[in-house]
Amino acid sequence: MHSSLRLATLAAAVVGLAASTLAQGQTAAPAAVRTERNISLALANQIAAEAVAACAANGYNVAATVVDRAGTVRAVQRADNAGPHTLASSERKAWTSASAKSPTQAMMENAQKNPGAANLVYLPGFLLLGGGVPVKSGNEVIGAVGVGGAPGGHLDDQCANAALEKVKGLLG
């Protein structure tokens, strides 16, 4: 009887140790399923509208495209009288910014100064012109906005940043 009690106590200790080891292994092992933040349709529409409005206030007819963290288009707005090319340029700028998690204006300037970075222009889909800006929630990139059609990428960039400034309270 005394040995049965010891055996039961030993079995309980082994089960407890195994459960503890399993719990530690689960927290230390990489998760098989990830949770990521992403941009909502409502926020994407609002950013696109704010970007077009910011440029319109300065007399520029532009298109604004907002993509999610994977570069998939979520919202597009094109001002009256904006050229047809503005759609493609705004989408490429947004995709480039989301892909690189960096503003396209900074990428363009870096490519002009750094011969190694100059090769970025040969990546399919990359457009190194100002106007693509990441959309961040905290430090996490959840999408990007691209603006095309102002008379200069630096002006497209200003409109994109003005739009993000308008919605910063929603980005948490």
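In the stretch 45-88, of all residues being of a type in the set (S, T, Y) and within 20 Å of the chain's Cα centre (by Cα), the one that is farthest from G143 (Cα to Cα) corresponds to T65.
The criterion of at least 3 residues that are modelled with pLDDT under 95 is met by the following helices (runs of 4 or more DSSP H) wholly inside the stretch 1-100: 2-28.
Against the list (1) at negative phi; (2) in contact (Cβ under 8 Å) with a residue 24 or more places away in the chain; (3) open to solvent by 10 Å² or more (accessible area, probe 1.4 Å), the condition D156 fails is (3).
How many residues does the stretch 93-117 hold that are surrounded by fewer than 21 Cβ atoms within 10 Å (Cβ to Cβ) and of a type outside the set (G, A, S)? The qualifying residues number 7.
Kindly indicate whether V167 is under 20 Å from E50 (Cα atoms), in a strand (DSSP E or B) and hydrophobic (A, V, I, L, M, F, W, C). Considered against the rule, which asks whether it is under 20 Å from E50 (Cα atoms), in a strand (DSSP E or B) and hydrophobic (A, V, I, L, M, F, W, C), V167 comes out as no. Scanning the stretch 120-144 for residues that are among the hydrophobic types (A, V, I, L, M, F, W, C) and either open to solvent by less than 60 Å² (accessible area, probe 1.4 Å) or within 8 Å of the chain's Cα centre (by Cα) (or both) returns L120, F126, L127, L128, V133, V135, V141, I142, A144. Restricting attention to the stretch 38-92, the residues that are farther than 16 Å from L164 by Cβ, open to solvent by 60 Å² or more (accessible area, probe 1.4 Å) and either touching a helix residue (DSSP H, G or I) at 6+ places or on another chain (Cβ under 6 Å) or basic (K, R) (or both) total 2. Taken over the stretch 128-144, residues that are in contact with a Ser or Thr (Cβ under 9 Å, 6 or more places away or on another chain), under 26 Å from E36 (Cα atoms) and either without any contact (Cβ under 8 Å) to a residue 24 or more places away in the chain or part of a loop (DSSP other than H, G, I, E, B) (or both) amount to 1.
The values are calculated or read from the model by the stated rules, or taken from the named source; none is laboratory data. All of these numbers come straight from a predicted model, not from anything done at the bench. A quick note on method: Cβ atoms are made from the backbone with ideal geometry, for glycine too, and the neighbour counts reach across all protein chains shown. Areas reflect the complete protein model, heavy atoms only, side chains present, ligands, DNA and RNA absent. Shrake-Rupley method; radii C 1.70, N 1.55, O 1.52, S 1.80 Å.
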